[in-house]
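What follows is one structure encoded as C-alpha coordinates, with my remarks underneath.
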Amino acid sequence: MTYYYNGFPQSERDQKLNMVNVDDLEEKVKQIMPEGAYYYIASGSENEWTWRNNTAAFNHYQIVPRALTDMSDPQTDTEFFGMKLKTPVMISPIACHGIAHKDAEVATQKGAAAAGALFSSSTYANKSVEDIAAAAPDAPRFFQLYLSKDWNFNKMVFDAIKKAGYKGIFLTVDALVSGYREANLRTNFTYPVPLDFFTRYMGAKGEGQSVAQMYAASAQKIGPEDVRRIKEETGLPVIVKGVMCAEDAFKAIGAGADGVYVTNHGGREVDGAPATIDVLPEIAKAVDHRVPIIFDSGVRRGSHVFKALALGADMVGIGRPYLYGLALGGAKGVESVIEQYNKELKIDMQLTGCKTIEDVKHAKIDHIPYTADNLKSNTDPSRMKPYPKTEENQIKGSADATSGASHH
(Lines give C-alpha, C1' and ligand atoms only; values in the text may rest on other atoms or scores of the structure.)
Protein backbone atom coordinates (compact mmCIF):
# COMPACT_ATOMS: atom_id res chain seq x y z
CA MET A 1 0.00 0.00 0.00
CA THR A 2 3.06 2.23 -0.19
CA TYR A 3 4.91 3.42 -3.30
CA TYR A 4 8.37 4.94 -3.09
CA TYR A 5 9.39 7.89 -5.27
CA ASN A 6 13.16 8.21 -4.94
CA GLY A 7 12.77 6.77 -1.46
CA PHE A 8 9.88 9.03 -0.47
CA PRO A 9 6.87 6.97 0.70
CA GLN A 10 3.55 7.70 -1.01
CA SER A 11 0.29 6.07 0.04
CA GLU A 12 -1.52 3.91 -2.51
CA ARG A 13 -4.62 3.41 -0.36
CA ASP A 14 -8.11 3.56 -1.84
CA GLN A 15 -10.77 2.99 0.82
CA LYS A 16 -13.68 4.68 2.56
CA LEU A 17 -12.85 5.97 6.02
CA ASN A 18 -14.68 5.66 9.31
CA MET A 19 -14.37 8.66 11.61
CA VAL A 20 -16.21 10.39 14.42
CA ASN A 21 -14.97 13.75 13.12
CA VAL A 22 -12.25 14.90 10.74
CA ASP A 23 -9.83 15.64 13.58
CA ASP A 24 -9.57 11.87 14.10
CA LEU A 25 -7.51 11.66 10.92
CA GLU A 26 -4.69 13.95 11.99
CA GLU A 27 -3.06 11.49 14.40
CA LYS A 28 -3.75 8.46 12.19
CA VAL A 29 -1.97 9.95 9.20
CA LYS A 30 1.33 10.14 11.10
CA GLN A 31 1.57 6.35 10.81
CA ILE A 32 1.98 6.53 7.03
CA MET A 33 3.40 9.99 6.29
CA PRO A 34 7.00 11.18 6.88
CA GLU A 35 7.47 13.78 9.57
CA GLY A 36 8.53 16.64 7.31
CA ALA A 37 5.62 16.04 4.94
CA TYR A 38 3.15 15.85 7.82
CA TYR A 39 4.30 19.14 9.34
CA TYR A 40 4.30 20.83 5.94
CA ILE A 41 0.56 20.16 5.91
CA ALA A 42 -0.26 20.47 9.61
CA SER A 43 1.63 23.56 10.71
CA GLY A 44 1.22 27.32 10.53
CA SER A 45 3.66 30.21 10.63
CA GLU A 46 5.68 31.46 13.62
CA ASN A 47 3.88 30.70 16.92
CA GLU A 48 0.78 29.47 15.04
CA TRP A 49 -1.54 31.88 16.86
CA THR A 50 -3.59 32.55 13.73
CA TRP A 51 -3.53 28.87 12.74
CA ARG A 52 -5.09 27.90 16.08
CA ASN A 53 -7.55 30.77 16.25
CA ASN A 54 -8.91 30.13 12.77
CA THR A 55 -10.72 27.18 14.31
CA ALA A 56 -11.17 28.50 17.86
CA ALA A 57 -12.84 31.68 16.62
CA PHE A 58 -15.84 29.76 15.31
CA ASN A 59 -16.82 29.47 18.98
CA HIS A 60 -17.31 33.25 19.07
CA TYR A 61 -20.42 32.76 16.93
CA GLN A 62 -23.38 30.72 18.09
CA ILE A 63 -26.03 28.99 16.00
CA VAL A 64 -29.48 29.77 17.36
CA PRO A 65 -31.65 26.60 17.24
CA ARG A 66 -35.20 27.00 16.00
CA ALA A 67 -38.32 25.12 17.14
CA LEU A 68 -41.65 24.24 15.52
CA THR A 69 -40.16 24.49 12.06
CA ASP A 70 -42.17 21.58 10.61
CA MET A 71 -39.19 20.63 8.46
CA SER A 72 -37.29 17.43 7.66
CA ASP A 73 -34.76 16.08 5.16
CA PRO A 74 -32.53 19.13 4.55
CA GLN A 75 -30.71 19.35 1.21
CA THR A 76 -27.13 20.56 0.71
CA ASP A 77 -27.34 21.13 -3.06
CA THR A 78 -26.14 24.54 -4.22
CA GLU A 79 -25.01 26.42 -7.33
CA PHE A 80 -21.83 28.38 -7.98
CA PHE A 81 -21.08 30.22 -11.26
CA GLY A 82 -23.71 28.09 -12.93
CA MET A 83 -22.20 24.83 -11.67
CA LYS A 84 -24.58 22.42 -9.97
CA LEU A 85 -23.02 21.08 -6.77
CA LYS A 86 -24.17 18.61 -4.14
CA THR A 87 -22.53 20.52 -1.31
CA PRO A 88 -21.23 24.00 -0.42
CA VAL A 89 -18.07 22.30 0.93
CA MET A 90 -15.22 22.94 -1.51
CA ILE A 91 -11.72 21.50 -1.96
CA SER A 92 -9.41 24.44 -1.29
CA PRO A 93 -6.18 24.51 -3.31
CA ILE A 94 -3.04 23.10 -1.66
CA ALA A 95 0.31 22.44 -3.33
CA CYS A 96 1.90 19.04 -3.83
CA HIS A 97 -0.78 16.44 -3.07
CA GLY A 98 1.88 13.87 -3.91
CA ILE A 99 3.20 14.08 -0.37
CA ALA A 100 -0.09 12.50 0.70
CA HIS A 101 -0.77 9.98 -2.09
CA LYS A 102 0.83 8.52 -5.21
CA ASP A 103 -2.12 9.65 -7.38
CA ALA A 104 -1.96 13.15 -5.87
CA GLU A 105 -4.43 15.67 -7.34
CA VAL A 106 -5.94 13.06 -9.67
CA ALA A 107 -7.23 11.13 -6.64
CA THR A 108 -8.38 14.33 -4.93
CA GLN A 109 -10.37 15.31 -8.02
CA LYS A 110 -11.98 11.87 -8.19
CA GLY A 111 -12.99 12.08 -4.53
CA ALA A 112 -14.40 15.58 -4.93
CA ALA A 113 -16.34 14.55 -8.03
CA ALA A 114 -17.82 11.53 -6.26
CA ALA A 115 -19.03 13.82 -3.48
CA GLY A 116 -20.37 16.43 -5.91
CA ALA A 117 -17.97 19.08 -4.58
CA LEU A 118 -16.06 21.85 -6.34
CA PHE A 119 -12.37 21.01 -6.75
CA SER A 120 -9.53 23.50 -7.14
CA SER A 121 -5.93 22.70 -8.00
CA SER A 122 -2.75 24.67 -7.36
CA THR A 123 -0.12 26.05 -9.73
CA TYR A 124 2.19 23.88 -7.61
CA ALA A 125 0.30 20.64 -8.29
CA ASN A 126 2.20 17.42 -8.96
CA LYS A 127 -0.22 16.17 -11.60
CA SER A 128 -0.95 17.95 -14.88
CA VAL A 129 -4.19 19.85 -15.34
CA GLU A 130 -4.89 17.55 -18.28
CA ASP A 131 -4.61 14.40 -16.13
CA ILE A 132 -6.72 15.99 -13.40
CA ALA A 133 -9.45 16.89 -15.88
CA ALA A 134 -9.36 13.43 -17.46
CA ALA A 135 -9.95 11.86 -14.04
CA ALA A 136 -13.45 13.38 -13.88
CA PRO A 137 -14.24 15.08 -17.20
CA ASP A 138 -17.65 16.44 -16.22
CA ALA A 139 -16.72 17.59 -12.72
CA PRO A 140 -16.52 21.32 -11.88
CA ARG A 141 -13.04 22.67 -11.14
CA PHE A 142 -11.26 25.97 -10.56
CA PHE A 143 -7.54 26.76 -10.76
CA GLN A 144 -5.52 28.56 -8.11
CA LEU A 145 -2.95 30.84 -9.74
CA TYR A 146 0.35 31.85 -8.22
CA LEU A 147 1.07 34.62 -10.69
CA SER A 148 4.62 34.32 -12.04
CA LYS A 149 7.03 37.15 -12.73
CA ASP A 150 7.42 35.50 -16.14
CA TRP A 151 4.32 36.17 -18.26
CA ASN A 152 5.38 33.49 -20.74
CA PHE A 153 4.96 31.02 -17.88
CA ASN A 154 1.59 32.56 -17.06
CA LYS A 155 0.48 32.25 -20.69
CA MET A 156 1.42 28.58 -20.73
CA VAL A 157 -0.69 28.04 -17.61
CA PHE A 158 -3.63 30.00 -19.05
CA ASP A 159 -3.61 27.99 -22.28
CA ALA A 160 -3.45 24.70 -20.39
CA ILE A 161 -6.27 25.37 -17.95
CA LYS A 162 -8.59 26.69 -20.68
CA LYS A 163 -8.04 23.59 -22.80
CA ALA A 164 -8.53 21.37 -19.74
CA GLY A 165 -11.93 22.92 -19.05
CA TYR A 166 -11.26 24.78 -15.81
CA LYS A 167 -14.16 27.11 -15.00
CA GLY A 168 -12.33 29.95 -13.27
CA ILE A 169 -9.25 31.24 -11.47
CA PHE A 170 -8.48 31.89 -7.83
CA LEU A 171 -5.76 34.56 -7.97
CA THR A 172 -3.68 34.24 -4.80
CA VAL A 173 -2.65 37.69 -3.52
CA ASP A 174 -1.88 36.93 0.14
CA ALA A 175 1.31 34.88 -0.36
CA LEU A 176 3.74 37.14 -2.18
CA VAL A 177 6.45 35.59 0.00
CA SER A 178 6.25 32.55 2.22
CA GLY A 179 5.28 33.04 5.85
CA TYR A 180 7.92 32.10 8.41
CA ARG A 181 7.00 28.43 8.76
CA GLU A 182 9.14 27.13 11.59
CA ALA A 183 8.00 23.52 11.22
CA ASN A 184 9.43 23.41 7.70
CA LEU A 185 12.73 24.74 9.00
CA ARG A 186 12.89 22.29 11.91
CA THR A 187 12.32 19.31 9.61
CA ASN A 188 14.33 20.66 6.65
CA PHE A 189 11.32 20.17 4.38
CA THR A 190 11.64 20.53 0.63
CA TYR A 191 9.23 19.40 -2.08
CA PRO A 192 9.98 15.69 -2.64
CA VAL A 193 7.83 15.11 -5.75
CA PRO A 194 8.04 16.96 -9.12
CA LEU A 195 5.61 19.81 -9.83
CA ASP A 196 4.11 19.55 -13.30
CA PHE A 197 4.13 23.13 -14.55
CA PHE A 198 7.75 23.62 -13.57
CA THR A 199 8.71 20.39 -15.30
CA ARG A 200 6.99 21.26 -18.56
CA TYR A 201 8.19 24.86 -18.68
CA MET A 202 11.81 24.70 -17.60
CA GLY A 203 12.59 21.04 -17.19
CA ALA A 204 12.96 22.06 -13.55
CA LYS A 205 11.04 19.65 -11.42
CA GLY A 206 10.43 21.85 -8.43
CA GLU A 207 11.87 18.94 -6.53
CA GLY A 208 14.29 19.56 -3.66
CA GLN A 209 13.33 23.23 -3.32
CA SER A 210 12.07 24.79 -0.11
CA VAL A 211 8.70 26.49 0.20
CA ALA A 212 10.41 29.90 0.36
CA GLN A 213 12.34 29.16 -2.85
CA MET A 214 9.17 28.21 -4.69
CA TYR A 215 7.39 31.38 -3.60
CA ALA A 216 10.37 33.43 -4.77
CA ALA A 217 9.55 32.43 -8.36
CA SER A 218 6.11 34.04 -8.03
CA ALA A 219 5.29 37.70 -8.49
CA GLN A 220 5.91 39.76 -5.36
CA LYS A 221 3.96 42.66 -6.80
CA ILE A 222 0.30 42.18 -7.74
CA GLY A 223 -2.13 45.03 -8.33
CA PRO A 224 -5.56 45.77 -9.82
CA GLU A 225 -4.16 45.83 -13.36
CA ASP A 226 -3.09 42.19 -13.00
CA VAL A 227 -6.69 41.18 -12.30
CA ARG A 228 -7.81 42.95 -15.46
CA ARG A 229 -5.02 41.42 -17.56
CA ILE A 230 -5.73 37.86 -16.37
CA LYS A 231 -9.42 38.28 -17.18
CA GLU A 232 -8.59 39.59 -20.65
CA GLU A 233 -6.07 36.86 -21.45
CA THR A 234 -8.13 33.94 -20.16
CA GLY A 235 -11.75 34.96 -20.60
CA LEU A 236 -12.40 33.19 -17.28
CA PRO A 237 -13.89 34.49 -14.02
CA VAL A 238 -11.18 35.69 -11.63
CA ILE A 239 -11.73 35.50 -7.88
CA VAL A 240 -9.22 37.35 -5.70
CA LYS A 241 -7.96 34.97 -3.02
CA GLY A 242 -6.60 36.41 0.22
CA VAL A 243 -9.07 39.18 1.08
CA MET A 244 -9.14 39.93 4.82
CA CYS A 245 -10.77 43.35 5.09
CA ALA A 246 -13.57 45.39 3.53
CA GLU A 247 -11.16 47.82 1.87
CA ASP A 248 -9.53 45.01 -0.12
CA ALA A 249 -12.93 43.61 -1.08
CA PHE A 250 -13.84 47.01 -2.54
CA LYS A 251 -10.49 47.16 -4.34
CA ALA A 252 -10.88 43.67 -5.81
CA ILE A 253 -14.40 44.34 -7.09
CA GLY A 254 -13.26 47.68 -8.48
CA ALA A 255 -10.53 45.88 -10.41
CA GLY A 256 -13.16 43.64 -12.01
CA ALA A 257 -12.89 40.58 -9.78
CA ASP A 258 -15.79 38.19 -10.19
CA GLY A 259 -15.63 37.14 -6.54
CA VAL A 260 -13.64 37.48 -3.33
CA TYR A 261 -12.02 34.65 -1.40
CA VAL A 262 -11.76 35.28 2.35
CA THR A 263 -8.73 33.39 3.67
CA ASN A 264 -5.52 33.88 5.63
CA HIS A 265 -3.88 30.90 3.91
CA GLY A 266 -4.78 28.61 6.77
CA GLY A 267 -2.62 30.57 9.22
CA ARG A 268 0.48 29.88 7.11
CA GLU A 269 1.37 33.48 6.23
CA VAL A 270 0.96 36.38 8.71
CA ASP A 271 0.91 35.03 12.26
CA GLY A 272 -1.16 37.47 14.30
CA ALA A 273 -3.65 38.03 11.50
CA PRO A 274 -7.29 37.74 12.58
CA ALA A 275 -9.23 34.52 12.19
CA THR A 276 -11.12 34.50 8.92
CA ILE A 277 -14.53 33.97 10.53
CA ASP A 278 -14.03 37.18 12.52
CA VAL A 279 -13.55 39.30 9.40
CA LEU A 280 -16.19 37.58 7.25
CA PRO A 281 -19.19 39.66 8.44
CA GLU A 282 -17.46 42.96 7.64
CA ILE A 283 -16.44 41.75 4.19
CA ALA A 284 -19.88 40.32 3.45
CA LYS A 285 -21.44 43.67 4.32
CA ALA A 286 -19.02 45.47 2.00
CA VAL A 287 -19.60 43.03 -0.87
CA ASP A 288 -23.38 43.22 -0.38
CA HIS A 289 -24.09 40.27 -2.72
CA ARG A 290 -22.46 41.98 -5.72
CA VAL A 291 -20.15 38.98 -6.23
CA PRO A 292 -19.88 35.53 -4.60
CA ILE A 293 -17.77 35.02 -1.48
CA ILE A 294 -15.62 31.96 -0.86
CA PHE A 295 -14.37 31.31 2.65
CA ASP A 296 -11.78 28.99 4.20
CA SER A 297 -9.23 28.52 7.03
CA GLY A 298 -9.82 26.50 10.17
CA VAL A 299 -13.01 24.73 9.01
CA ARG A 300 -13.19 21.46 10.95
CA ARG A 301 -16.92 20.95 11.56
CA GLY A 302 -20.21 20.98 9.72
CA SER A 303 -21.22 23.67 12.19
CA HIS A 304 -18.28 25.77 10.95
CA VAL A 305 -19.61 25.45 7.41
CA PHE A 306 -23.06 26.47 8.68
CA LYS A 307 -21.72 29.54 10.50
CA ALA A 308 -19.65 30.70 7.52
CA LEU A 309 -22.65 30.43 5.20
CA ALA A 310 -24.88 32.24 7.68
CA LEU A 311 -22.31 35.04 8.02
CA GLY A 312 -22.06 35.69 4.29
CA ALA A 313 -20.11 32.96 2.46
CA ASP A 314 -21.40 31.23 -0.66
CA MET A 315 -18.83 28.40 -0.67
CA VAL A 316 -16.76 27.04 2.22
CA GLY A 317 -13.36 25.50 1.56
CA ILE A 318 -11.58 22.77 3.48
CA GLY A 319 -7.85 22.07 3.34
CA ARG A 320 -5.76 19.96 5.69
CA PRO A 321 -8.50 17.39 6.51
CA TYR A 322 -8.96 16.29 2.91
CA LEU A 323 -5.19 15.76 2.53
CA TYR A 324 -5.27 13.50 5.59
CA GLY A 325 -8.21 11.69 3.99
CA LEU A 326 -6.26 11.43 0.74
CA ALA A 327 -3.30 9.80 2.50
CA LEU A 328 -5.46 7.39 4.48
CA GLY A 329 -7.93 6.46 1.76
CA GLY A 330 -7.10 7.98 -1.61
CA ALA A 331 -10.06 9.24 -3.64
CA LYS A 332 -12.50 7.40 -1.39
CA GLY A 333 -10.85 8.98 1.64
CA VAL A 334 -11.39 12.46 0.20
CA GLU A 335 -15.01 11.58 -0.49
CA SER A 336 -15.38 10.33 3.10
CA VAL A 337 -14.10 13.62 4.52
CA ILE A 338 -16.60 15.67 2.49
CA GLU A 339 -19.39 13.30 3.52
CA GLN A 340 -18.48 13.82 7.19
CA TYR A 341 -18.83 17.60 6.82
CA ASN A 342 -22.15 17.14 5.04
CA LYS A 343 -23.43 14.80 7.75
CA GLU A 344 -22.70 17.33 10.48
CA LEU A 345 -24.02 20.23 8.38
CA LYS A 346 -27.34 18.47 7.78
CA ILE A 347 -27.82 17.96 11.53
CA ASP A 348 -27.43 21.70 12.13
CA MET A 349 -29.76 22.45 9.23
CA GLN A 350 -32.39 20.12 10.67
CA LEU A 351 -32.13 21.66 14.14
CA THR A 352 -32.43 25.21 12.83
CA GLY A 353 -35.25 24.62 10.36
CA CYS A 354 -33.08 25.17 7.30
CA LYS A 355 -34.32 23.15 4.34
CA THR A 356 -31.79 24.50 1.83
CA ILE A 357 -28.37 26.15 1.71
CA GLU A 358 -30.15 29.39 0.87
CA ASP A 359 -32.06 29.03 4.16
CA VAL A 360 -28.76 28.60 6.00
CA LYS A 361 -27.60 31.95 4.60
CA HIS A 362 -30.47 33.57 6.53
CA ALA A 363 -30.10 31.60 9.78
CA LYS A 364 -29.82 33.42 13.08
CA ILE A 365 -26.29 33.70 14.49
CA ASP A 366 -25.29 35.29 17.81
CA HIS A 367 -21.85 36.64 18.69
CA ILE A 368 -19.83 36.74 21.93
CA PRO A 369 -16.42 38.50 22.15
CA TYR A 370 -13.37 36.50 23.21
CA THR A 371 -9.80 36.64 24.45
CA ALA A 372 -6.91 35.05 22.56
CA ASP A 373 -4.24 32.58 23.64
CA ASN A 374 -0.48 33.06 23.47
CA LEU A 375 0.77 29.49 23.16
CA LYS A 376 4.01 28.38 21.56
CA SER A 377 3.77 26.55 18.25
CA ASN A 378 3.23 22.80 18.19
CA THR A 379 6.72 22.33 16.75
CA ASP A 380 8.46 24.32 19.47
CA PRO A 381 10.88 21.91 21.23
CA SER A 382 9.08 22.43 24.55
CA ARG A 383 5.79 21.13 23.06
CA MET A 384 6.77 18.92 20.13
CA LYS A 385 5.76 15.31 20.67
CA PRO A 386 7.94 12.38 19.54
CA TYR A 387 7.05 11.40 15.99
CA PRO A 388 6.13 7.73 15.47
CA LYS A 389 8.36 5.55 13.30
CA THR A 390 6.71 2.84 11.25
CA GLU A 391 7.68 0.70 8.29
CA GLU A 392 5.42 2.78 6.03
CA ASN A 393 6.55 6.27 6.94
CA GLN A 394 10.32 5.87 6.56
CA ILE A 395 12.30 7.04 3.55
CA LYS A 396 14.44 4.35 1.95
CA GLY A 397 17.85 4.45 0.33
CA SER A 398 19.95 7.60 0.30
CA ALA A 399 17.08 10.07 0.62
CA ASP A 400 17.09 12.17 3.77
CA ALA A 401 15.28 15.03 5.47
CA THR A 402 15.53 17.25 2.40
CA SER A 403 13.01 14.97 0.74
CA GLY A 404 10.43 15.44 3.46
CA ALA A 405 11.49 12.79 5.99
CA SER A 406 12.61 13.03 9.57
CA HIS A 407 16.25 13.81 10.17
CA HIS A 408 16.19 12.47 13.75
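The values are calculated or read from the model by the stated rules, or taken from the named source; none is laboratory data. The model shown is predicted, which means the values in this text are computed figures rather than measured ones. So basically every Cβ, Gly included, is an ideal-geometry build from the backbone, and we count neighbours across all protein chains shown.
Residues to consider are GLY242, GLY203; find the one that is in contact with a strand residue (DSSP E or B) (Cβ under 7 Å, 6 or more places away or on another chain), surrounded by fewer than 23 Cβ atoms within 10 Å (Cβ to Cβ) and more than 16 Å from LEU311 (Cα to Cα).
Checking each option against the conditions leaves just GLY242.
Select the helices (runs of 4 or more DSSP H) contained entirely in the stretch 93-168, then report the ones holding at least 1 residues which are touching a strand residue (DSSP E or B) at 6+ places or on another chain (Cβ under 6 Å), surrounded by 24 or more Cβ atoms within 10 Å (Cβ to Cβ) and polar (S, T, N, Q).
The helices (runs of 4 or more DSSP H) meeting that bar are 104-115.
State which residue is nearest to LYS102 (Cα to Cα) when the search covers only the stretch 36-55 and only residues that are under 18 Å from the mean Cα position of the chain (by Cα) and small (Gly, Ala, Ser).
Step by step, filter the stretch 36-55, then rank; the result is ALA37.
Take the conditions touching a residue at least 40 places away in the same chain (Cβ under 8 Å) and under 18 Å from ASN21 (Cβ atoms) and apply them to LEU326. Does it pass?
In short, yes.
Just for strands (runs of 3 or more DSSP E) wholly inside the stretch 181-297: which have at least 1 residues that are basic (Lys, Arg) and in contact (Cβ under 8 Å) with a residue 60 or more places away in the chain?
Passing ranges, in order: 238-243.
Out of the stretch 2-35, which residues are under 27 Å from GLY208 (Cα atoms), under 20 Å from the mean Cα position of the chain (by Cα) and in a loop (DSSP other than H, G, I, E, B)?
MET33
Quick check on my filter: what residues within the stretch 225-236 are closer than 27 Å to VAL270 by Cα and surrounded by fewer than 23 Cβ atoms within 10 Å (Cβ to Cβ)?
Across the stretch 225-236, the qualifying residues are GLU225, ASP226, ARG228, ILE230.
When you go through (1) touching a Pro at 6+ places or on another chain (Cβ under 9 Å); (2) on the phi > 0 side of the Ramachandran plot one by one for SER297, which number turns out not to apply?
It fails just one condition, (1).
Can you pull out the residues in the stretch 202-233 that are within 16 Å of GLY179 (Cα to Cα) and among the aliphatic types (A, V, I, L, M)?
Of everything in the stretch 202-233, those that are within 16 Å of GLY179 (Cα to Cα) and among the aliphatic types (A, V, I, L, M) turn out to be VAL211, ALA212, MET214, ALA216, ALA217, ALA219.
Taking only pairs six or more apart or across chains, which ones have beta-carbon atoms under 6 Å, a first residue in the stretch 1-13 that is at pLDDT 95 or above and buried (at least 22 other Cβ atoms within 10 Å of the Cβ), and a second residue that is assigned to a strand (DSSP E or B) and not acidic (Asp, Glu)?
If the second residue must be assigned to a strand (DSSP E or B) and not acidic (Asp, Glu), the pairs left are PRO9/THR2; GLN10/TYR3.
So ALA252 clears everything in (1) closer than 24 Å to GLU26 by Cα; (2) crowded, with 22+ Cβ neighbours inside 10 Å except one condition, right? Which one?
Status for ALA252: all satisfied but (1).
Under 17 Å from the mean Cα position of the chain (by Cα), within 20 Å of GLY266 (Cα to Cα), surrounded by 23 or more Cβ atoms within 10 Å (Cβ to Cβ) and among the aromatic types (Phe, Trp, Tyr): is that true of PHE189 in this structure?
The answer is no for PHE189.
Go through VAL29, VAL20 for me and flag whichever is more than 23 Å from LYS110 (Cβ to Cβ) and of a type in the set (A, V, I, L, M, F, W, C).
Checking each option against the conditions leaves just VAL20.
When you go through GLY312, GLY302, GLY319 one by one, which is the residue that is surrounded by fewer than 24 Cβ atoms within 10 Å (Cβ to Cβ), closer than 21 Å to ALA286 by Cα and not β-branched (Val, Ile, Thr)?
After applying the criteria, what remains is GLY312.
Could you tell me which numbered condition ASP77 fails, if it satisfies all but one of (1) at pLDDT 95 or above; (2) touching a Phe, Trp or Tyr at 6+ places or on another chain (Cβ under 7 Å)?
The failed condition is (2).
Looking at the stretch 88-105, is at least one residue free of Cβ contacts under 8 Å to residues at least 40 places away in the same chain and on the phi < 0 side of the Ramachandran plot?
Within the stretch 88-105 (the criterion being free of Cβ contacts under 8 Å to residues at least 40 places away in the same chain and on the phi < 0 side of the Ramachandran plot), the answer is yes, since at least one residue qualifies.
Please identify the pairs in which a residue from the stretch 348-368 that is crowded, with 18+ Cβ neighbours inside 10 Å and part of a loop (DSSP other than H, G, I, E, B) has its Cβ atom under 6 Å from the Cβ atom of a residue that is modelled with pLDDT of 95 or more and β-branched (Val, Ile, Thr), counting only partners at least 6 apart or on another chain.
Once the first residue is crowded, with 18+ Cβ neighbours inside 10 Å and part of a loop (DSSP other than H, G, I, E, B) and sits in the stretch 348-368, its partners that are modelled with pLDDT of 95 or more and β-branched (Val, Ile, Thr) give CYS354/VAL360; ALA363/THR352.
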